[in-house]
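I have placed the structure first, in the form of structure tokens, so that the comments after it can refer back to it.
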Amino acid sequence: MHIYADSSAIIKLIKEERESSAVRSLFSNEICTSILSVLEVNRFVEAFRPKGPFDDYEKFTRDAYFVDLKIPVMIHLTNLKLPTFIKTLDAIHLGTAFLLKLSIDAILTYDKKMQRGAEMIGLKVIAPAD
């Protein structure tokens, strides 16, 4: 299975939550994300200072495929016509996942607005608990 993961899912590798074990098991699949996720997760770590260990996140950064923020992604975003409730950074994730639509099976997100936006543009959403 090929999965696009947003930062709401990736953070569960660092901050232990109810869904963390389910996320860890999904990360044995082919995972991709926008390079934006690295910035978002690093900002999360700086802001909330979780205790760690960060072994699962470090493995993720070695194994995942990161999609660059290039001009085609940004141009594509303007054509997607995402609903206005989608914030800018989430729009970048959705646009990136949409560009990969033919090569991913689902988008992994725990953000309710992202889930709605993904479904509106025809992406399958997964957000397993335990």
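How high is the FRET efficiency between Lys70 and Val38 when r is their beta carbon distance and R₀ equals 22 Å, given to the nearest 0.05? With R0 = 22 Å, the Cβ-Cβ based efficiency is 0.90. Sequence-distant contacts, meaning Cα pairs under 8 Å at least 6 residues apart, place the relative contact order of segment 2-126 at 33 percent.
Which entries in the list Lys59/Lys113; Lys51/Lys113; Lys51/Lys101; Lys12/Lys112 go over 25 Å, if you measure between the two C-alpha atoms of each? Table pairs above 25 Å Cα-Cα are Lys59/Lys113; Lys51/Lys113; Lys51/Lys101.
A DSSP coil position with no more than 12 other Cβ atoms inside 10 Å describes the following chymotrypsin sites (Phe, Trp or Tyr not before Pro) in segment 4-105: Phe85. Neighbour counting of Cβ atoms within 10 Å sorts the residues Ile86, Ile71, Ile35, Ile107, fewest neighbours leading, into Ile71, Ile35, Ile86, Ile107. Just so you know, the averaged projected area of the alpha carbon convex hull for the chain sits at 7.5 nm². Taking other Cβ atoms within 10 Å as a rough exposure proxy, Ser25, Ser20, Ser34 sort from fewest to most as Ser25, Ser20, Ser34.
Would you list Thr84, Thr33 from fewest to most Cβ contacts within 10 Å?
Ranking Thr84, Thr33 by Cβ neighbours within 10 Å, fewest first, gives Thr84, Thr33.
In nm, what is the difference between 0.36 nm times the number of residues separating Glu119 and Val45 and their Cα-Cα distance?
On the way: separation 74, 0.36 × 74 = 26.64 nm, distance 2.90 nm.
Net length gain for the segment: 23.7 nm.
Charge tally for Leu82 (other residues, Cβ to Cβ under 11 Å; Lys, Arg +1; Asp, Glu -1): +3. Classify segment 48-89 from the C-alpha gyration tensor, please: rounded if a/c falls under 1.5, else prolate or oblate depending on whether a/b exceeds b/c. Here segment 48-89 falls in the oblate category. Please give the length that would be gained between Glu58 and Lys112 if that part of the chain were fully extended, namely 0.36 nm times their separation in residues minus their C-alpha to C-alpha distance (nm, one decimal). The span from Glu58 to Lys112 would gain 16.8 nm if fully extended.
The numbers here are math on the coordinates, done by the rules we state, and not lab data. Only a predicted model underlies this, so the values are computations on that prediction, with no experimental measurement involved. All Cβ positions, glycine included, derive from the backbone under ideal geometry; neighbour counts span all protein chains shown.
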